[in-house]
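Structure, as structure tokens:
Values quoted throughout were computed directly from the atomic coordinates according to the rules given, and no laboratory measurement underlies them. Keep in mind that what you see is a predicted model, and the values were worked out from it rather than measured. Here the Cβ is made from the backbone with ideal geometry for all residues, glycine too, and neighbour counts use every protein chain on show.
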Amino acid sequence: MTSVMMTVLNIAIIAMTLSILIPMYAAWKDEDIWQTMLSMASISTKSSLIVLMLSVLRDDWMIGVSGVIMISVGNAGFMLLAHILKRMGEA
Amino acid sequence: MMDSYLYIIIALLPLAAMMVVFQTNPYHALVIRGVLGAIAALVYSILGAPDVALTEALVGTLLAITLYAVAVRSSLVLTIGVLQEEFEIEDQTLDFQVLISAVQTSLDPYYVRVKLMPYADLKALDQALRQQEIHVKVYGNTISNAKLDEIQIKSYQLVTRLNRIYEIIKPDITSALVLLQSSDLKEAQS
């Protein structure tokens, strides 16, 4: 991989990391539980994508596999938690 | 220069941990715990421990959140025993709904929600309170006025067995028709 491409990937990772701060601020404000849930989904997807990007950058597919599993587990946990919270609102 | 993004990503971990620690609402804390789990998995995997990251994602985020959600759901509930006739929403009088919403309002700062549980008659209601199935029982007494015999006033009575609930609810129950008393359980058991 050329050094130009490495630099571009580095900058992209830094930008993605900084963009995690936006949903973290939204989770901090805590108005509605569903907004907090949305920020959680956003953060977990973003962090998994950072892991996938790093696996390409370092050419380490072990990290890539863990990133893929983090994406799918994050979505499953989100569905589970949303279902529990929805039933809490109905009761 | 090459690994300068590492410092930014690692700085997110104490930030998320602080958010969990300073969150007072248990439901919000539950969701932010999920955020902490995602960021922790990210940090572990960029520091070269994909096995730890995988464990954090599977156990720390998925299992811990599910168990914590079940715990919060089953513990932060105040069960109010009511008679069967008051249980259905269409059968409830306005006074009763005002009373229940006043109880809910007084419990809101503690993130406790109110759940109604129906019982067939007064005896079953009393039995449930003594056997600690419910925290509070509500029953109405119909006061028939001799002069105005068409108008029947229903006065509601709340009985709780817990002193703390009595202290929390008491300032918010302003209606004159409601009398709240801590029933003496020791006397009842003998």
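With a Förster radius of 51 Å applied to the C-beta separation of A:Met62 and B:Phe87, the computed FRET efficiency comes to 0.35.
If you take the beta carbon distance between B:Thr55 and B:Thr79 as r and set R0 to 35 Å, what does 1/(1 + (r/R0)^6) give as a FRET efficiency, to the nearest 0.05? Please list the in-between numbers first.
Working: r = 38 Å, r/R0 = 1.08.
The formula returns an efficiency of 0.40 here.
So for the protein assembly as shown: antiparallel DSSP bridges make up what percent, rounded to the nearest 5? Show your work: numbers first, answer last.
Numbers: 9 of 22 bridges.
So the antiparallel bridges in the protein assembly as shown amount to around 40 percent.
Can you tell me the relative contact order of the stretch A:3-90? Whole percent, Cα pairs under 8 Å, sequence separation 6 or more.
Numbers: 56 pairs, mean separation 22.0, N = 88.
About 25 percent, as a whole number.
Exposure proxy for A:Ser44, A:Ser3: other Cβ atoms within 10 Å of each Cβ, ordered fewest to most, give A:Ser3, A:Ser44. Rg of the Cα atoms in the stretch B:41-124, relative to 2.2 N^0.38 Å, amounts to 1.82. Taking 0.36 nm per residue of sequence separation and removing the Cα-Cα distance, the B:Phe96/B:Leu47 pair yields an extension gain of 11.7 nm.
Could you list B:Thr61, B:Thr160 in order of exposure, starting from the residue whose Cβ has the fewest other Cβ atoms within 10 Å? All intermediate terms of the calculation are to be shown ahead of the outcome.
Values: B:Thr61 27, B:Thr160 24.
The most exposed by this proxy come first: B:Thr160, B:Thr61.
Expressed as a fraction of 2.2 N^0.38 Å, the value expected for a compact globular protein of N residues, the C-alpha radius of gyration of the protein assembly as shown is 1.41.
Note on B:70-79: average number of Cβ atoms from other chains within 10 Å of each residue's Cβ is 1.
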